[in-house]
Amino acid sequence: MSSGVSTSTDKNIVDRSRGHRNKAVSKAVRATRERLQSSSQGNQVFDRDMIAMHVNAVLQSASVMPIFIVVVTAIGVYLNPNANLFAWALLMFSVHAINVLLARRASRADIASTEVQKWRRRLLAAQVIVGAGWALFALQNCNACSGDSYYFYKGAVLLFAISITAMSSFMLRLGVLFGFLPMILALLATAILSRNVLDIGMTAICATAVVFFHYIADRLYRSNLTLMSYQSEKDDLIAELEVAKSMSDEARRRAEEANLAKSRFLASMSHELRTPLNAILGFSEVMSSEVLGPLANPTYKEYAGDIHRSGQHLLNLINEILDLSRIEAGRYDLAEESLSLLEIAEDCIGMVQLRASAKNISIGQQFEPHLPQVWVDEKSMRQVLLNLLSNAVKFTPQGGEVTVKVGWTAGGGQYVAIKDNGPGIPEEEIPVVLSAFGQGSIAIKSAEQGTGLGLPIVQAILAKHDGQFILRSKLREGTEAIAILPATRVLQSVPAVADAQTVARRRKSFA
């Protein structure tokens, strides 16, 4: 288990208990979707859009019907020269022109919500007029025609007319049924009066076709209604997300400004905070050491020692807060120079050796020899190693073991790994201990509680060096902290250039 670290010194912990909110949102979305699709109020929401789509379809297919009428008239005149198809064709052209003009007027008008039903009735009336024209065609007969050819011609024309109208007007609900109701009535009247098998069969076929195409048109209408409800829902969600994003961006900007102001304030207050603490430390140390003479009461000497230790602890805390604040404010400057990680690690081990010996903790070393120097800030790297070593010694039990490794990384950089056999850190608490002022449950229960700023400072310092910090831990087995420096920080020695023979100078010749 490992945790890579970004350049941020703080971490946001994900609240995994918010799943119930997602369920509530999903339930509300489903309820809204069902309301839009099934209720009459939901259908009325998209009536204006449906009418606009129907008008657009009528205008786009305006040239299809005249061509069809011309073809039907030409074939009918060829089969029955005595038929009155020219008058019917002229009537159909007029009816179609009225329908197209009405659609064009509807496309140019700004239909309000209160006028939707009125325009829908107008468009349905136009469909009924067109259907009346096809009813007149259904009443045409051919007494001079031999056989049943004219019946087949009339039936094929009516079926084509039903299909073309259904494909162009399915956005107008009940448009197919109302449009061809006059034609069905005319065929039914003809079949009742003639009692001819062919008339009865044509009536049955055309009525079935009208019902079938009405069903198809209604399914297409509902499918488009569903798609439009999805689109509307998506648009609403996008709008809500944009509003929420803008609000979160504004809140984040204010939080960053407040955090930056806090960091600048603490960074500028460094001298004002340290000066009185140094006086408290100095005077308390003088009193506890009895430099100016013995204290009359031994309790005063004990109190002076307590004051000195408390002031030292407070000074360490303030130093850590100020270091983190300077890093966040961008005022933490690196004084880089060429150093050896091996030497820094040895010095830091020596500084914590006394504390480790008090707890009977052994510190092992696994150093790769002949490591080149790195280009780092000495004070910052010492602070990184001291923080990691102090944490390892602090949480390792009596008689434990701490191992310090220094070596090469796979990418050509160098690393320092500090591993202990302490109680470890639970997986869910790693983001907590990597955050500012964050402490795990083991640290809270421990007698040696810290400030919770050591690891954030380590992360920030390594980020300033373009490095990386990795924390690996397993409960009841121990913790390993790895500080990695990139290959760009490693100083490789350049071999000397071999001596080359001097090139003889060429003589210049002048003409």
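Tabulated data
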{"read-out": "Around LEU386: net Lys/Arg minus Asp/Glu count, Cβ-Cβ under 13 Å", "value": "-1"}
{"read-out": "Spin-label pair ALA410/ILE200, simplified geometry with 7 Å Cα→Cβ offset, distance in nm", "value": "8.7 nm"}
{"read-out": "Portion, in percent, of the accessible area of the range 228-317 that falls on carbon or sulfur, probe 1.4 Å", "value": "62 percent"}
{"read-out": "Reduced Cα scattering model of the range 279-389, Debye log10 I(q)/I(0), q = 0.12, 0.19, 0.23 Å⁻¹", "value": "-0.68, -1.07, -1.18"}
{"read-out": "Accessible area (Å², per residue) of the range 56-138, counting only protein heavy atoms and a probe of 1.4 Å", "value": "54 Å²"}
{"read-out": "Per-pair calculated FRET efficiency, R0 = 25 Å: LEU317 and ALA261 via Cβ, rounded to 0.05", "value": "0.75"}
{"read-out": "Theoretical FRET efficiency, 1/(1+(r/R0)^6), r = Cβ-Cβ of PHE212 and ARG108, R0 35 Å, to 0.05", "value": "0.50"}
{"read-out": "Surface share of carbon and sulfur [accessible, 1.4 angstrom probe, percent] for the range 169-218", "value": "81 percent"}
{"read-out": "Lys/Arg +1, Asp/Glu -1 at C-beta; the range 75-178 dipole; positive extreme among VAL77, ALA89, GLY155", "value": "ALA89"}
{"read-out": "Per residue, in Å², the accessible surface of the range 350-414 once ligands and nucleic acids are set aside, probe 1.4 Å", "value": "47 Å²"}
{"read-out": "Distance in nm between pseudo-label sites at LYS474 and GLU115 (7 Å out along the Cβ direction from Cα)", "value": "7.7 nm"}
{"read-out": "Peptides ranked, highest mean first, by Cβ atoms within 10 Å: ranges 231-243, 156-168", "value": "156-168, 231-243"}
{"read-out": "Members of LYS245/LYS464; LYS301/LYS394; LYS262/LYS464; LYS262/LYS394; LYS379/LYS474; LYS394/LYS464 lying beyond 22 Å, as alpha-carbon distances in this model show", "value": "LYS245/LYS464; LYS301/LYS394; LYS262/LYS394; LYS379/LYS474; LYS394/LYS464"}
{"read-out": "Tensor-based shape of the range 335-382 (alpha-carbon gyration tensor, a/c under 1.5 rounded, otherwise prolate or oblate)", "value": "oblate"}
{"read-out": "Estimated inter-spin distance, MET247 and GLN398, nm [label 7 Å along Cα→Cβ]", "value": "5.7 nm"}
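The values are calculated or read from the model by the stated rules, or taken from the named source; none is laboratory data. Keep in mind that what you see is a predicted model, and the values were worked out from it rather than measured. With ideal geometry, Cβ positions are generated from the backbone for all residues, glycine too; neighbour counts draw on all protein chains shown. Remember, those area values only see protein heavy atoms, side chains included, never the ligands or the DNA or RNA. Shrake-Rupley method; radii C 1.70, N 1.55, O 1.52, S 1.80 Å.
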